[in-house]
Amino acid sequence: MKKLFLLFVAALFVASLSACGGNQVDIGIVLPTQNEERWTQDQERFKSYLDDTDYSYEILFSEGDSQVEASNIDTLISKGMDVLIITAHDSEAAKTAVQNAIDEGVKVIAYDRLIDLEGVSFYVTFDSMVVGNQQAQFLIDNAEGTGNELYLYSGGTWESNAPLFFRGAWEVLQPKIADGTFVVMNAPAHADYINQAELTTEEALEIMTQVDTDWDPAATTTLAQNHVSTFVPADNDTTAYILAPNDFTSRAIRAEFISVYDEVIITGQDADRLSIKSIQDGKQSMTVLKDVRTLVDNAFNIADKLMKGESLPTATHFYGENDVPAVPTEVVVVTQSNLEAAIIESGYYTQEEINDAGQ
Ligand code: BGC
């Protein structure tokens, strides 16, 4: 009888363990929004990577809302996550919830957007200043003579990478604005910095707030429409040069400017499938490919080491006031001439997947 009872207790114990196992999350992933291809792409690439590992994981979206983000983090803490990989919607606003996770013993990896807290174990990122450098260099390489009409646009000023993209672009563009190659048509605040290549975040924000896309397609369209009616000269049978911070803002801005300029040379970022198609069709001029496969791979390797208590890679860069360690990943400029190799032959997307994104 005693034996039977013990067996019964043991069976109950096993049953409750496996029920726990069903809910238990080793790696919690929190991404900012499902409304942008950039982040659904990260979701898909995380899934296909993590499905091949032994770790359990869960991916939650914050829908551009810091409160949803905080409750996502709490949910994952309650499921016993060991490692949190997070792209914050707003990195400042996320600090309280992330600190809470750290206090609960969770290891945190900031993914693509920095969270400047002492307890963050690693920052897995691309080199965002270089993204801006490359966008600017592309515009310069495609301009001749002087007086070229340049429009500047910024990512959402509330987001931690946007100033890096803008400062990176400014440091390359500034000498070409100062020598008259380009004339900045919008963003009057740029005039205060015309002789200064390196901007602090605060200085960059003074210009950025005048040309803030808010990382929102509708806001970008409204802003571009305002600029078209306010700043475009009457005799505009020429080329507009446009610094667009990423792909969806690029497509929205181009749609407005192409109706008033003969030609639009415009940058992008992310290699969204719609923008890849647009480049193939000779519309958007370039994008900056940030290979999410590499970022996912890096994030997993760090998570795996944290889980096993192994030492992390030696940092090459330190970010923020807390010197969060990082080894930034390279980015690649994609234009019509290298698109086939960089996107299709590299297996990033098939032509069919690009076409499927619609038009
Ligand atoms: C990312 C970009 C993205 C942007 C808007 C940035 O933090 O680095 O890839 O386009 O946010 O979501």
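The values are calculated or read from the model by the stated rules, or taken from the named source; none is laboratory data. Note that this is a predicted model, so its numbers are computed, not measured. As a convention, Cβ positions derive from the backbone with ideal geometry for all residues, glycine included, and neighbour counts pool all protein chains shown. For accessibility, only protein heavy atoms count, side chains too; no ligands or nucleic acids. Shrake-Rupley method; radii C 1.70, N 1.55, O 1.52, S 1.80 Å.
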Worksheet item: Out of the residues in the range 273-285 that are open to solvent by 10 Å² or more (accessible area, probe 1.4 Å) and within 27 Å of Asp112 (Cβ to Cβ), which is farthest from the ligand (Cβ to nearest atom)?
Response: Gln280
Item to complete: Test Ala93 against the stated conditions and say whether it is assigned to a helix (DSSP H, G or I), small (Gly, Ala, Ser) and in contact with a helix residue (DSSP H, G or I) (Cβ under 9 Å, 6 or more places away or on another chain).
Response: no
Worksheet entry | Residues within the range 217-240 that are crowded, with 16+ Cβ neighbours inside 10 Å and of a type in the set (Val, Ile, Thr), tallied | 5
Worksheet item: Does Tyr151 satisfy the condition of being within 16 Å of the ligand (Cβ to nearest atom), part of a strand (DSSP E or B) and not hydrophobic (A, V, I, L, M, F, W, C)?
Response: no
Practice prompt. Give the residues of the range 55-76 that are open to solvent by less than 40 Å² (accessible area, probe 1.4 Å) and in contact (Cβ under 8 Å) with a residue 40 or more places away in the chain, sorted by residue number.
Written response: Asn72, Ile73, Leu76
Fill in: helices (runs of 4 or more DSSP H) contained in the range 1-81 and holding at least 2 residues in contact with a strand residue (DSSP E or B) (Cβ under 7 Å, 6 or more places away or on another chain) and at pLDDT 95 or above
37-50, 66-78
Worksheet item: In the range 26-65, which residues are small (Gly, Ala, Ser), over 14 Å from Asp297 (Cα atoms) and more than 16 Å from the ligand (Cβ to nearest atom)?
Response: Gly28, Ser56
Worksheet item: Which condition does Ser48 not pass, out of (1) crowded, with 17+ Cβ neighbours inside 10 Å; (2) under 22 Å from the mean Cα position of the chain (by Cα); (3) not basic (Lys, Arg), if it passes all the others?
Response: (1)
